[in-house]
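What follows is a single structure, written as structure tokens, with notes after it.
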């Protein structure tokens, strides 16, 4: 497959070179469902990393130490939801670890699955003979994975190597963009230490960062039946933290940018931080009217206000002045069909069951017709 | 709201202007061949020298007027400025002007082009190739009113023995801007840089037509006419600029190949009947089938 399209990504040129940390918010908001069992009472003092909510084998940990203040509404992954408010006391008092073995990588596959799931590091399939590590950001204007690799190359490679043994992987691909020059050099230098990991330099075309597309590019059809374990570098780093540092996942990297911000930044934030707080403290919005787009300008979704919280699902936030070109009559150029990575035809609904909602057809249409997608599906 | 927050820079207006840019060398060559050269040799007056450019300009203006009229009746939300280039009709106007004979009357060209472009805006739901239809109509009307020829007054007054190089540098007969094969190749290179340009169409249609012509001329002992039959009458120009009109051509990869082959064969067939209408007729026939071709290809794809 070679029909990927280069996307205009001027924004990347404006991203700060270093990761910005925003780890001391005044308040943290943790999404609450009626099905969750609450482990705290009103106005209770809690430690950092203590369990606040539990649902079967899944737990929600407090990213800060502080006081539980009550409930309030916030936007959680695009929908309004109740959230538990924790006032940060900035002491970072940590609760005791629940105890993991001393040799972090000397564990069985079942134990690994149990641990990473309970600590919120990874919740998907870990069965398969091929391991694909995705170091390519899902969208061209995001830089989260690239920065994560740059910052934590050793740790990511170490845990990937360990996972190959624990999960009995036969083949492991580590994919990054060939244009990600800093990481290409660093990884090439380190690959000698990890002979089981095969570095794959992928051409910088959209949507190569998409899970399905990347697996299709890397794994032979004959090997698909044996199963494929897919991890992003963020998943790998989360697993590293859980196994090695014995801490739950309470922080993440998020790309924050957009044509209405003077500078784009990759920010390290606590999960549960309100986006409004980060933007108010770290950015200046150029205009009063703006659109807030979560998880990419091509395949993301829009939210109505900045009163949304950072969840593990959020990769990027864009404050944008959206292109308002009016749609005109289709000119039958076929670009939507020809460039579709899954050979769908959005105009006539052909192969739409294969659609990965990458938004490429919408991007490329010269008539500016909205072909696929809706607000937060 | 939807998930469209970033768009490519391509839009109808810049696609149209890039295509016009690709046409400029041919327009200048047409101006030299059918204007300057005739004026220098005292065949025409100064005013008549400008006739090739007047056709191009008129075609462009008629396209804009049609867009404005259509927008004022149907798409009332568009401003006059937005409606000027809201479709490819200004480009169609220039292309029709490029294809027709220099002997066409200006009033006839203006009237027929205006009527056909305007009507096509309202009723051309099957998207047949309006450039081909208008040009064919002009050729027919001209033929019945005062006789049709692609030759200008200089070519009519002189007996020309053309060799391959003559066709390449625009000495062959054809429409106003269609004769210069080398410049056409240059234009094709420019067009290939436009994302929406269907480059497979000129390649496959030219190949099919040339192959048919080579076989025919070989079998009928007319090998000496092969180049003339391929390069004259604006056939290659039509394959590059007219057959690739995105609205009236197939867009699926296989569809484009089938569509091009139909053009090549139909053009060859019509050439045997009446050469001046061959390319336009072939393109018109293929454009009538283009939707069916795409539907068949897509159905086949969906089955797989």
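The values are calculated or read from the model by the stated rules, or taken from the named source; none is laboratory data. Computed from a predicted model, the values in this text were never measured in an experiment. Every residue, glycine among them, receives a Cβ derived from its backbone with ideal geometry; neighbour counts consider all protein chains shown.
In the list A:282, A:234, A:251, which residue meets the criterion of being touching a helix residue (DSSP H, G or I) at 6+ places or on another chain (Cβ under 8 Å) and touching a residue at least 60 places away in the same chain (Cβ under 8 Å)?
Of A:282, A:234, A:251, the one residue that is touching a helix residue (DSSP H, G or I) at 6+ places or on another chain (Cβ under 8 Å) and touching a residue at least 60 places away in the same chain (Cβ under 8 Å) is A:234.
Output the strands (runs of 3 or more DSSP E) that fall wholly within the stretch A:144-258 and possess 2 or more residues being within 22 Å of residue A:117 (Cα to Cα), or say none.
A:228-232, A:251-257
Each row is one residue, and each column tells you yes or no for (1) in the same structural domain as residue A:51 (by TED's automatic domain parsing); (2) over 14 Å from residue A:318 (Cα atoms).
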| position | (1), (2) |
| --- | --- |
| A:230 | no, yes |
| A:235 | no, yes |
| A:241 | no, yes |
| A:261 | yes, no |
| A:268 | yes, yes |
| A:271 | yes, yes |
| A:278 | yes, no |
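Kindly indicate the residue of the stretch A:343-358 that is touching a residue at least 40 places away in the same chain (Cβ under 8 Å) and either on the phi < 0 side of the Ramachandran plot or part of a helix (DSSP H, G or I) (or both) and also farthest from the other protein chains (Cβ to nearest Cβ) among those meeting that condition.
Once the filter is applied, the top-ranked residue is A:356.
For residue B:135, only one of the following conditions fails: (1) surrounded by fewer than 23 Cβ atoms within 10 Å (Cβ to Cβ); (2) closer than 23 Å to residue B:53 by Cβ. What is its number?
Status for residue B:135: all satisfied but (1).
Please work out if residue A:329 is at positive phi and either at the interface with another protein chain (Cβ under 9 Å from one of its Cβ atoms) or free of Cβ contacts under 8 Å to residues at least 12 places away in the same chain (or both).
no
Checking the conditions here, which among A:35, A:43 is at positive phi, modelled with pLDDT under 90 and not in a strand (DSSP E or B)?
Selected residue: A:43, the only one of A:35, A:43 that is at positive phi, modelled with pLDDT under 90 and not in a strand (DSSP E or B).
Residue-wise test of (1) within 14 Å of chain A (Cβ to nearest Cβ); (2) in contact (Cβ under 8 Å) with a residue 12 or more places away in the chain; (3) not in a helix (DSSP H, G or I).
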| residue | (1), (2), (3) |
| --- | --- |
| B:185 | no, no, no |
| B:209 | no, yes, no |
| B:218 | no, no, no |
| B:232 | no, yes, no |
| B:250 | yes, yes, yes |
| B:255 | yes, yes, no |
| B:259 | yes, yes, no |
| B:264 | no, yes, no |
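Examine the stretch A:316-332 for a residue that is modelled with pLDDT of 90 or more and in a helix (DSSP H, G or I), and state whether such a residue exists.
Taking every residue of the stretch A:316-332 in turn, none turns out to be modelled with pLDDT of 90 or more and in a helix (DSSP H, G or I).
So in the stretch A:265-305, with the set limited to residues that are assigned to a strand (DSSP E or B) and more than 14 Å from chain B (Cβ to nearest Cβ), which one is nearest to residue A:64 (Cα to Cα)?
A:270
Could you tell me which residue of the stretch B:187-207 is farthest from the other protein chains (Cβ to nearest Cβ), considering only residues that are outside any helix (DSSP H, G or I) and within 15 Å of residue B:16 (Cβ to Cβ)?
Step by step, filter the stretch B:187-207, then rank; the result is B:193.
Name every residue in the stretch B:78-104 that is within 14 Å of chain A (Cβ to nearest Cβ) and either in contact with a strand residue (DSSP E or B) (Cβ under 9 Å, 6 or more places away or on another chain) or more than 30 Å from residue B:275 (Cα to Cα) (or both), in order of residue number.
B:78, B:79, B:81, B:82, B:83, B:84, B:85, B:86, B:87 - these are the residues of the stretch B:78-104 that are within 14 Å of chain A (Cβ to nearest Cβ) and either in contact with a strand residue (DSSP E or B) (Cβ under 9 Å, 6 or more places away or on another chain) or more than 30 Å from residue B:275 (Cα to Cα) (or both).
Given the condition free of Cβ contacts under 8 Å to residues at least 24 places away in the same chain and within 14 Å of chain A (Cβ to nearest Cβ), answer yes or no: does some residue in the stretch B:125-140 qualify?
yes
Among the residues of the stretch A:122-131, write down those that are surrounded by 19 or more Cβ atoms within 10 Å (Cβ to Cβ) and out of contact with any helix residue (DSSP H, G or I) (no Cβ under 6 Å at 6 or more places or on another chain).
Answer for the stretch A:122-131, where residues must be surrounded by 19 or more Cβ atoms within 10 Å (Cβ to Cβ) and out of contact with any helix residue (DSSP H, G or I) (no Cβ under 6 Å at 6 or more places or on another chain): A:128, A:131.
Please find, among A:336, A:361, A:340, the residue that is within 29 Å of residue B:75 (Cβ to Cβ), more than 7 Å from chain B (Cβ to nearest Cβ), in a loop (DSSP other than H, G, I, E, B) and at pLDDT 90 or above.
A:340
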